[in-house]
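Each remark here refers to the structure printed beneath this line.
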Amino acid sequence: MINALGAAALGLLVFDPRQLFTASFQMTFICVLIVAAVGVPLLERTSQLHRQALAHWDSDDYGPSLPPTVAQLRVDLRLIAERLSRFLGRSWSLHLVRAQP
């Protein structure tokens with residue numbers, strides 16, 4: 001994400017180099033840089049348990065080895081996918097719940 005931010009800043013500065021000295025340019029890119037540098041690692045650390053719940057989706061033996069809150073999330077996601085499959089079909093419901101094809 002930081003590389004994309006740098007590329008966007010470089011592209012904007014190639015188009016109009018005077019933007020480097022404007023307060024709006026500096027504040028915008030500093031704010032986005034802070035969000036990218038702090039927010040992304042924090043999101044990765046907090047969503048690790050949710051990734052565990054989505055791992056080995058088809059295995060029934062994987063759930064009991066998880067912490068209780070993660071196992072409950074796994075059960076809830078399976079119930080949501082089952083309900084959605086009645087209306088959208090199995091492949092679409094899995095795509096929506098797991099965010100994967």
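The values are calculated or read from the model by the stated rules, or taken from the named source; none is laboratory data. Model, not experiment: these values are computed from the prediction. Using ideal geometry, Cβ is built from the backbone for each residue, glycine included, and neighbour counts are taken over all protein chains shown. What goes into the accessible areas is simple: the full protein's heavy atoms, side chains included, and nothing from ligands, DNA or RNA. Shrake-Rupley method; radii C 1.70, N 1.55, O 1.52, S 1.80 Å.
Values computed for the structure shown
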item: Selection within the stretch 53-66 - over 19 Å from H95 (Cβ atoms) and open to solvent by 60 Å² or more (accessible area, probe 1.4 Å); result: D60, D61, P64, S65
item: Where a residue in the stretch 25-54 is under 30 Å from D76 (Cβ atoms) and its partner, wherever it lies, is basic (K, R), with Cβ under 8 Å and at least six apart; result: A53/R74; L54/R74; L54/R98
item: All helices (runs of 4 or more DSSP H) inside the stretch 44-101 with 3 or more residues being under 15 Å from the mean Cα position of the chain (by Cα); result: 48-54, 90-98
